[in-house]
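Asker: Before I ask anything, here is the structure I am working with.
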Amino acid sequence: MAGMFQRARDEGMQQGRVEGERAVLERLLQRRFGLLSPEITRRLNEASAGELETLADRVLDAGTLDDVFDSDS
């Protein structure tokens, strides 16, 4: 029983970290490129933790919003 609670707690903490990463990335994108389209917002909401990290790294060097989301970058 204790294992179930620990696993649920760990999953909740991971979900919270991903949501935090998503929120920070969205804020950075808006400050850098302006209002985000519904498509970009959808892509952020569907991105995994690893994808969010990759996108966050790209924000620093991207000249355009397309550069952030271009998978060839």
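The values are calculated or read from the model by the stated rules, or taken from the named source; none is laboratory data. Model, not experiment: these values are computed from the prediction. Each accessible area value is taken on the protein alone, full model and side chains, heavy atoms only, with ligands, DNA and RNA left out. Shrake-Rupley method; radii C 1.70, N 1.55, O 1.52, S 1.80 Å.
Asker: For volume of the Cα convex hull per residue in Å³, which listed value, [x] 148; [y] 87; [z] 78, comes from the coordinates shown?
Answerer: [y]
Asker: Right, next: Got a number for carbon plus sulfur as a percent of the chain's accessible area, 1.4 Å probe?
Answerer: On the way: 2740 of 5280 Å².
It is 52 percent, rounded to a whole number.
Asker: Hey, what's the chain come to in accessible area per residue, 1.4 Å probe, Å²?
Answerer: Working: 5280 Å² over 73 residues.
For the chain, the solvent-accessible area averages 72 Å² per residue.
Asker: Quickly estimate the mean residue ellipticity at 222 nm for the chain, helices only: each DSSP H run with n ≥ 4 gives -39500 (n - 2.57), and the total goes over all residues, rounded to 500.
Answerer: Values: 4 runs with 57 residues, N = 73.
Calculated at 222 nm, the ellipticity per residue is -25500 deg cm²/dmol.
Asker: Quick one: ranking Phe5, Phe69 by accessible area, 1.4 Å probe, largest first, what do you get? The partial results should precede the final answer.
Answerer: On the way: Phe5 135, Phe69 25 Å².
The ranking, largest first, comes out as Phe5, Phe69.
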